[in-house]
1. Identify unpaired cysteines across the chain, taking unpaired to mean no other cysteine Cβ lies under 4.7 Å from the residue's Cβ.
2. Compute the long axis of helix 38-54 from its Cα atoms, compare it with the longest principal axis of the Cα atoms of the chain, and write down the angle in degrees, 0 to 90, nearest 10.
3. Of the peptides 263-270, 93-100, how do they stack up when ordered by the mean number of other Cβ atoms within 10 Å, highest first?
4. Starting from the Cα-Cα distance between residue 13 and residue 245, subtract it from 0.36 nm times their residue separation and give me the gain in nm to one decimal.
5. Measure nothing fancy, just the Cα-based angle from helix 276-289's long axis to the longest principal axis of the chain, in degrees from 0 to 90, nearest 10.
6. Show me the three semi-axes of the equivalent ellipsoid for the stretch 170-290, from the C-alpha gyration tensor (sqrt of 5 times each eigenvalue), largest first, rounded to whole Å.
7. What is the antiparallel percent of DSSP beta bridges lying wholly in the chain, to the nearest 5?
8. For residue 104, go through the lysines and keep the ones whose alpha-carbon is under 29 Å away, minus same-chain ones fewer than eight residues off.
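The numbers here are math on the coordinates, done by the rules we state, and not lab data. Remember, it's a predicted structure, so these values are computed and weren't measured experimentally. Reconstructed Cβ throughout: ideal geometry from the backbone, glycine too, with neighbour counts over all protein chains shown.
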Amino acid sequence: MNSDNITRFFFDNCNARGEIVSLEESFIAAAAHQELPSRLRLELGNFLTAASLLTGILKFEGKLTLQAQGNGPVTALMAEATDKRNIRGIVRLKENSDPNKLDKLTLPELLGKGLLSITIEPEKGQRYQGIIPLSKNTLAENLGDYFFQSEQLPSFIYLTCNGQRASGLMVQALPADKAQNNDEESWETVEHLARTIRDEELIHLSHAEILARLFHELETRVLPDQTVKFKCSCSHEKSGQALVSIGRDDAHALLAERGLISINCEFCGMTYQFGQRELTKLFKQAEQLH
Ligand SMILES: [Zn+2]
């Protein structure tokens, strides 16, 4: 059985690609610092899986953020993945939301009137963001819409999570390439076969078994697996920068009120503390930079 890795594959006789992702330890670690009702734990699993699937888009060093925001009982659902396949994610609940009432809600019901965005931030270069309204019931269907609307790439995405393991399958038609117009198999065949996937297959079978079960009648070329892990990008330095960004007066007011400023990372539970001496040093450094 595969855990915490991505298997990518291509079809020899059709201009299409595919990926299978299975997360276990990385998912459990990413969820460990949040007290999530079971419904939201599953949705976090879906977002982390989808972000891992989407790292295939990253052609450079950087990170990809998949985020849904709305005005419902859940205000934000977010997952990040880097080119190194480091993932982390978060769910934000509206204050006073009753966690017991979330169980039967679909994604649009959880988020209310919401938007789904994919943001790509290369370490060097231009940031790119694509946004669509959340119109379908599941993240997978909304992502399918996203690729069709923004990239004109027909895609089928399937995500599932049982609370301990989170897995996903994606197949996508590649941009038309005239040199390969003699494809023997159609995109429709690939999509049709992919749609036969079942939750229990994705959760319990190895990627090789899934490929054999779904696409045994097609020729596939499988690339070496890529490892996914939970890794937070927070640091003492970044927390310091966040303090500087609220301004000298507000930062000092906060220190006066609390005696010591503690910044807690929502993703990994780390706490970073800043006292008077360090705050003075931070603002002095910030001043020298400007
Ligand atoms: Zn962190």
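1. 14, 161
2. That works out to roughly 70 degrees.
3. Top to bottom by mean Cβ count within 10 Å: 263-270, 93-100.
4. 78.2 nm
5. Tilt relative to the chain: about 70 degrees.
6. Sorted largest first and rounded, they come to 55, 19, 12 Å.
7. Antiparallel: roughly 95 percent of the beta bridges in the chain.
8. 94, 113, 136
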